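Structure first, commentary second.
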Amino acid sequence: MTADAIVPERPSLVIQRVGVDRMVGIDTPFGIARFSPGINVVHGPNAIGKSRTSKAIQALVWPELADASAVIRGELGVAGVTWHVESHYARVLYQRNGSPAPPPSFGISPANQHDRYLLTLHDLLAADDQQNRQFAAVIQRESAGGYDLHAARSSIGLAAAPKAGPGRIRNAYQDARSASASLKRIDQHLQARDRDRSNLTEALAAANAAVARVSLLEAALEHAGAVARRIEAEIARQAFDDPIGRMAGDEFARLQGFHRRIAELQQELEGFNAGIARNEQVLADAGFPEGLPSETDLYRLTSLVTMLRQAEADRDTVAANLAEAGARVLLLRRRITEAITSEQLRVLDLTGLRELGTLARRFREAEQRESAQAELAAWVGPLDAPANLDALRHGTELLANRLRLPGLDAASPQETWPRWAAVGSAMVIPLMSIVLAAVSHIAWAALGLLAIPLLWLAFRQDRSGAVEEARHTEEAYLALGLDAPAAWDPDHIEPLFDQIREQLAEATVQYQKAAMWDGLGHRRADAARLREEIAARQAAQIETLGITIGNDDPDEIRLIADAIDRWRQATDDLAAIDKRVAAIHDRHASLMTDINTSLAALGTAPATDRLAAESRLAEIQRRTVAARDAHTAIGHDRQTIADQVQPAIDRERASIDNLFTSLGLHERDDISLRERCGQVDACREAQAALASAQVVEQTRRHALAGAHELVTMPPAEIQAELDLSRAKADGRDAIVKEIARLDLEVQRARGQTALEEAVAHELATLEAFRDARGRDYARAAGWHVAEFVQRTARDQNRPAVFLAARNLFSQFTAGAWKLEMGGDNDPAFVAVETSTERHCKLADLSSGTRVQLLMAVRIAFIEASESGPQLPLILDETLGNADDTRANAIIDATVEIARRGRQIIYFTAQNDEIAKWQSRIAQFPGAPALEIIDLAAARGIASAGQPSNIVWGRTVFEPFHLPDGATHEDARQALSVPPVDLWAEHVGGVDLWYLIPDVHLLSQLRQAGITTWGQYTQLRRHDGLRMIAAFDEVNARIECRLQVIDTVRRHWQQGRPRPLTHGALLGTRLISDRFEEAVIELAKSHDWDGAALIRALRDRALGGFRQNVIVELEESFCGNGHIITGQEPLGDGMIRLAVLSSMREHITGGMIDEDEIDRLLQSLGTPGLVEFGANPDRVSTGGE
C-alpha cells in the first residue's frame, strides 16, 4: 500500500454526532459528540451498548430501522451540508444547516441492504457464507455473456470435465495383448520334435548315482581330514593347564584395575585422614578447654559487648550533658549579685524577693508622683480667681452677635443681589411679551404686567427688626463696663472683638490655676504619706529576706529573682545528671565484670576496656567458626571413610580374592596370572580348532550313516574312487538341460489351441478399446470447445464489480494475490497467489488473506450498488483474537478503505485493540484521522477510561529500513532473498532483488509489502506503483533483467528431467488407491527421480504392480518431462550464450550490458548453477 492521497470519486456521508435518548436496552440517555471522518474506534466493555449504538448510527441513515419506541438524534455531513436528524417514536424530523427541511434525497442504498455496511468477524471468516456465494453467483451470471453454457454442456452429458473411459476396457485389452504375445514367443521356440527321453532318463539315473557317490566320497574325505585335525587340536589343547581354559584373557587387566582402584582409594583415605588431623589441630588451636561454645554463650557474650558499647556511648553523652549543665550553673551564678551567697540562693524566698521588687517599683512611682506635684505647685503659685471672667465671656458673645447683624448705613452684598435679580427679571419679561405678541399672538402682551410686582419687591426694604436688635445688643455690651468701640461698624468692632477674646483666654487660665492651687496641697500630703508607707514595707521585706541588695531598681530585682530561679533549675539538672553518670559508671563496671567472667569460661584473657572486649569477642567468633567447620569436616570425613572409602577398599580386595578363587589359584601371584593371561589366546585357538574339527567329524560321520565302510577307508583310497565318480557325474548337467528343453517344447506344442483363442480375444478387446477411445475423444473435444467459449465470454464480460473487487484485493495484499472465480457448478471466489499461480478457495486461505478478500468483495459490491454518497462502514470485533499478522492485514485493508473517502466506525470490547490501531496507523504517512471513543465514558459508567494491561508488541508493525550506505549485496542478506526456482512454470515468484539494483527503490517497495514479480505486475495493472519515480524507464530495466532470468529458466530446464511431486504422481490417474501410498514412499526413496522410480517398479519393488501400468506411467513421465531421453542438458556456458543472444537488442540499445548480465547470472546461486557465469568463455555441452 502506498501513502499517496486518494481523491474520492463520490462525496462521503459522515456521521458527526449521535445521541440516544430512548431505545430498547438503553436505560439512560447518552451521546457521542464527535466522530472522525476517517477511522473511529469505539471501545467499551461487554453489555455497554455497542450493538445498540451501531443500530442507532444506522438508524440515522435509514430511519425505518429504528424501533417504534426509540428516540434517536444525530448529525450527518454530506458535501459540506450538515443534516440534523431526530427520530421520535418512528417520526423523523430533519434540519438542513439549522433550518427545518424535508427528508433529504441522498440517493443511498435501500434499507434492506444495510447489513452490507455492517461487517463482523464471524461473517468475514465464514468461508461458505451464503451472502458471499450469492455475490459470486451474481458475478458468474454477469460473466456468462448471456449464454447458459453450463446447461448446454449438461444437455450433452458434459456437466463435469470428461475423464478417460472405463479402465476395465483398457485393462482387458492390455491383458489380452500380453497373453497373446507370451504364447507367440513360446510358439516361436517350438521348432524341434520329441527326443527319445527314456535314454536320457537312464543316463541321468547313472549320473545321479555318480553324483550321490561323489557326495559320499567327499564327505568321507572331509571326515578323514577332520579326524586328523581333531587329534592335532587335542594335542595342542593338552599343552595348557585347566585354569587357562576357563580364563577370559582380561583377568590380569582386571587385577590391575583392582590394584589401581585400591591405590586410589588408599590415597583418598590418606587424604581424608590428613584432613581429619588438620581439623583436629584446628580444634586444639581454637583453645576451648570445655568444648565448643554454645550459641547461647556466644549470644550472651555478644549481647554484653553490645550493651557495653551502648553504656560507653551513654556515658559519653551524659558526660557532655554534665559539662554543659555545669557551665550553665556557673553562667547563671555570675548573673546574680555577689551580695547573696550560694547558701542564701538555695533558701531564698523568691516570692518575697519578687514582692520586694514590686514595692520598689511602687516606691519609685510615689516619689515620681510627689515630685510632679511639687513641680506643678511651683508653676501654679498662690493665685486668686479673676473677677470679670463672666463679663468677658458675655461681652465676647454680644460682639459676635453684633457682627452678624446688618449695618444701618449700607446694605451688604448679600442684601443687594436679590434686589438686582428682581430688577433684571422685571426688564426681561416685558421684552419677551412684546416679542411673543409680535410673533405668535397678541395675548402674550399680558405677560408684561408681571414686571410691576417684581419692581415693587425689588425696591421694598423692611429694616425695622434688624435695627432694633442691633440697638439692644449695643446697650447690653455697654452695660458690662468693658471697653467700647469707637463706632459700631465692622471695622471698629472686629479689633475690639479680638482684644476681648484674648482677655477672656488669660482670665480663663488664671481661673484654672487658682482652682488647681486650692486642691494641690491635699494631694501633696497624700503622696508623701504613701511614699513613707511603701518605704516602711520595703524595709520590713528586706529584713524578712535577710539579704542586702545594693540596687533598689525594681527591674533589677525582678531579673535577680528570675536568675536565681533558673540557677536553681540548672543546679537540680546538674545533680540529676551527676547521679546518671554514677549509675552509668556502675553499669559499665558490672558489664566488664560479666564479660570477663564469660571470657574466662571460654579460655580467653580478661579485657580491660571495650575495645579489648570487642577484639576478644571477634577472636572467639573466628575461632568458633573455625572450630565448628573443623568439627563438621571431621565428622563428614570420618563418615565418608566409614560409609564409602573403606567399604570400597574391602570390595576391591574381595574382588581380587574372588578372581583368584574362580580360577582355582589360591596363591596371590600376579606374575603367574599375567603369564596365564598371555596363553589364553593360544588356548582359545586350540579349543576352537578342536571344536571345529569335532563338529566336522560329527557332521561327516552323520552324512556317512549309510556307508560305514567309508568311515574307516584310508584317505588315499577314498581319493581314487572320488576321481572316478566325478568323471561319471560331469555329464549330468547336460543331460538335465536337454531333458528340460524337450519338456518345454512338448508343453508349447500342447498349448497351440490356447494361442489361437488368445489371439482372437486380443482382436475383440482391441475393437472395444478403439470404440471407447473414440467416444472419449469426442467428449473431450466438446468439453474443451465449451470451456474455450465460456472462458472467452467470461473474460470479455467480467462485470465492473468484479474488476473493482480484484483491484481492491490487489491493493489490500500489495499485489501478492489476485481474485478469480470458481467453476460453473460451484460459484465461489478463488484467490490466486501471484508468485506461484496457486489457486486457493476461501477455506484454504489464511484468516488474514480471507478477511482481505471478503472485505474487497463487500466494498466492491457496496460501491457498485451506491449511486449516492459513500456511506459509513461499521466493523464489529473484526480483529477478534487476531494474531499480529492477521491484525496487520485487517487494519491495512481498513485504512485503505478509509483513504478512499469512506468513514469507518469500529466497535470493540478489547481495550488492547486500541494500541493495535494506533500503532499500525502511525506507520501510514498521511493516514486518515483516528478518533478513539470510550463508550463507557460517553454513557457515564464507572468502567470508563480503564487502561489495558496488555502491551501490543510492535515487532509486526515496525517499518522496514535498510541501513544507510547498504549495498545491493547487503540488501540481499538483510531481506533474506530466496534463490530463483528454475523449475517454476513461470517467473511470478522471482524476488524483486534480482530485478531492481536500486537499493532505495527496493526498500520503498519492501516497505509497501511488494517483494515478488507477481505482486509487481498485479499492482502495475491497477496503478498501484505510484511511488516509483520515472516509472517507464525503471520498468523497462526491470523487464529487461526479468527476460534474462526467464531465458536462463527455459534453457536450464532443457535436457534435465523435472523432479516428480506428490501431485504429479496422483495427477496421472494411473495409480490405484491400493498402491498410492507405497508408490509415493518409493518415489521419496529415489529422490523423486522418475526414471529411477520406473526402474524400481520394473524390478518388482512393489509386488502385484501391473506391467501395463508401468508402461503407461513411463509414457506419462516422458510426456510431462519427468523422464528425458535423447537430449543432454545445456551447460552454463551454453545457457550464457543463449542469454546474450536473446538480449542482443537490449544490449545494443543500452538497457543492459554484458557485465550486468554476468553479475545477474552469478547471483542465481541455485543447485546446478554454482559459480554460474564466472567463466564466460567456457562452453559446457553436458552434465550439471
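No value in this document is a laboratory result; all are computed from the given coordinates. From a predicted model like this one, the values you see are computed outputs, not experimental measurements. Here the Cβ positions follow ideal geometry from the backbone for every residue, glycine too, while neighbour counts run over all protein chains shown.
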query = Between T1068 and Q512, what length comes free when the chain is fully extended (0.36 nm per residue of separation minus the Cα-Cα distance, one decimal in nm)?
reply = 184.8 nm
message = At 0.890 mPa s and 25 °C, plugging the Kirkwood radius over alpha-carbon pairs of region 968-1162 into Stokes-Einstein gives what diffusion coefficient in µm²/s?
response = 125
Likely footprinting exposure, W62, W1013, fewest C-beta neighbours within 10 Å first = W62, W1013
request  = Would you order R333, R1100 from fewest to most other beta-carbon atoms within 10 Å of each residue's own beta-carbon?
outcome  = R1100, R333
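Excluding I996 itself, calculate the net charge of residues whose Cβ lies under 13 Å from the Cβ of I996, where each Lys or Arg counts +1 and each Asp or Glu counts -1.
Net charge around I996: -1.
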query = If amide H atoms are built 1.01 Å from N in the plane of the peptide, which residues on other chains or at least 5 residues away come under 5 Å of the amide H of R22?
reply = V71
query = Fewest to most neighbouring Cβ within 10 Å: what's the order for L389, L1005?
reply = L389, L1005
query = Going by average Cβ neighbours within 10 Å, how do the peptides 71-81, 714-724, 923-933 rank, with the highest at the top?
reply = 71-81, 923-933, 714-724
request  = Along Cα→Cβ, 7 Å out, is where each label goes; now give me the distance between the ones at R566 and S105 in nm to one decimal.
outcome  = 10.6
note = Any lysines whose Cα falls less than 24 Å from that of K513, other than same-chain ones fewer than 8 residues away, would be none
ask   = Rg (Å, one decimal) plus Dmax (Å, integer) for the alpha carbons of region 634-748?
value = 32.9, 102
Computed E for A263/E232 - FRET, C-beta separation, R0 30 angstrom, nearest 0.05 = 0.10
ask   = Counting Lys and Arg as +1 and Asp and Glu as -1, each charge on the Cβ, what is the dipole of region 968-1162 about the Cα centre in debye, to the nearest 20?
value = 480
inquiry  = Greater than 29 Å separation of Cα atoms is the criterion. Which listed pairs, K50/K818; K50/K916; K55/K916, meet it?
reply    = K50/K818
key: FRET efficiency, 1/(1 + (r/R0)^6) with R0 45 Å, evaluated for E367 and Q499 via beta carbons   = 0.50
